[in-house]
1. On a C-alpha basis, how far is the centre of segment A:95-110 from the centre of segment B:78-101 in Å? Whole number, if you could?
2. May I ask for the equivalent-ellipsoid semi-axes of segment A:16-140, computed as the square root of five times each C-alpha gyration tensor eigenvalue and listed largest first in whole Å?
3. Please give the peptides A:90-97, A:227-234 ranked by average Cβ packing (other Cβ atoms within 10 Å per residue), highest first, as a rough proxy for protection.
4. Could you report the buried accessible area between A and B, both sides summed, computed with a 1.4 Å probe and given in Å² to the nearest 100?
5. Could you pull out the pairs from A:6/A:59; A:177/B:122; A:108/A:138 whose alpha carbons sit more than 25 Å apart here?
6. May I ask which residue of A:227, A:254, A:175 lies farthest towards the positive end of the charge dipole of segment A:166-265, with charges of +1 (Lys, Arg) and -1 (Asp, Glu) on Cβ and the Cα centre as origin?
7. As I understand it, the value is the acute angle between the Cα axis of helix A:141-152 and the longest principal axis of the Cα atoms of chain A; what does it come to in degrees, rounded to 10?
8. What average number of partner chain Cβ atoms lie no more than 10 Å from the Cβ of the residues making up A:11-21?
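The values are calculated or read from the model by the stated rules, or taken from the named source; none is laboratory data. Bear in mind the structure is a predicted one, so any value in this text is a computation, not a measurement. Note that we place each Cβ from the backbone using ideal geometry, even for glycine, and neighbour counts take in every protein chain shown. Remember, those area values only see protein heavy atoms, side chains included, never the ligands or the DNA or RNA. Shrake-Rupley method; radii C 1.70, N 1.55, O 1.52, S 1.80 Å.
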Amino acid sequence: MIDKLKSRVKELLEAKTIGVFIGYEKGDNPELARPVMITAPEEASRLIYDDTCVVMLSKYLLKPEVKTLGRRGIVASYSNLRAITGLIQEHQLTRNDVYIIATSSNDKIATAYDELIETPVNGYKSDETNKQIAELMKLSPTERRAFWDKEFSKCIKCYACRQICPMCYCNRCIADKNQPQWIPTSPNPAGNFMWNLTRAYHLAGRCVDCGECERACPVGIPLMLLNKMIYNNVKANFGYEAGFDATVPPPLATYNQEDKENFII
Amino acid sequence: MSSSFEPKIIAFLCNWCSYAGADLAGTSRLKYAPNIRVIKVPCTGRLDPLFLMKAFEVGADGILVSGCHPNDCHYRSGNFLARRRWMVFKDMLEFAGIEPGRIHFSWVSAAEGNKFVEVVNKVTDAVKALGPLSPIGHSRPACHSVLDTESSGINSGGNL
């Protein structure tokens, strides 16, 4: 597969179909491939693609310094495809801006890719997360508060979860605004609670379930529990899962007059 | 919980219906629990869930959000959009360990002064039964005391 990818990237760059190709190369960490921007055809030989290629590349599609390089080519796993679909849906990208070499095909994703070089790699699986959510819901609210207070107390406010998230792309994050300061910047209990819940809520109906925030978190907060709980909630309430169809409005940016309101007095 | 506990409840009322409903309750000389502090918002659709989280963070024990009945929104769809946000938000709070009885949503029109009284009493009873919210920033006494100190707290209209 990798030879085919290398030769295709070389051809695409030579033909100037794309100005830059976003892929992976071998990094210092043997367990984690490093994202790489290839602009010269002869550099295509640096590319790799294996189980260590987990960092979401779609994030780089929106970087100003990458945008200036021309049309962007990208090797897209299942999660990346979903993230790209989400970015197109939210008008951050047009389909034509990006040349997609998909490594996994899925009938549910409506965003067409340009070519398919099928290579299954081990992505994030949410089965275990769902089990833990069910366990947590069995506890009393007080016990759950204690659980989250303990988890959030580890937070050092490094914002790695935000930086890695393919759907977090605001130029100025609410956490960086200080007039007014909605989210305390200090890594204290209040700031951590506000930050982690706000981050999760901003991804309601947008999270593509890639699991990157949890992997990137240096202190190991189970962030996907929150994300996945909201993901399941949106799915149950609105029958919607993000990252499959760029043509429908996001669930929280629209409404249905028949939405359930049994919780409203 | 001791029966003397008086919860602090922040009520976010929309300008066009619920705030007028509260006004009607007042001008009709109706009596309701004195535990709510009203914050007027242009529309429930203006209400970023961040506001609600902030209220809990600075020491509110409960929250009431009230707006126009469906199809009565001054801006046509604000309350419909808000309703969707609340559906997800209240479940997220519950998952994070804040009891569902601390956050309430209602539709109160400008003609429903009586309903406003009922809603406020109901919400106050529910929050009273739960007791004080264990502070979000449980090592932040300085911030929590903003609400506890009569002289500088929201009781006297101080800065939140």
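1. 34 Å
2. So the three semi-axes of segment A:16-140 are 29, 18, 14 Å.
3. Ranked by mean Cβ neighbours within 10 Å, highest first: A:227-234, A:90-97.
4. Adding both sides of the contact gives about 4100 Å².
5. From A:6/A:59; A:177/B:122; A:108/A:138, over 25 Å: A:177/B:122; A:108/A:138.
6. Among A:227, A:254, A:175, the one farthest towards the positive end of the dipole of segment A:166-265 is A:175.
7. Approximately 40 degrees, to the nearest 10.
8. 0
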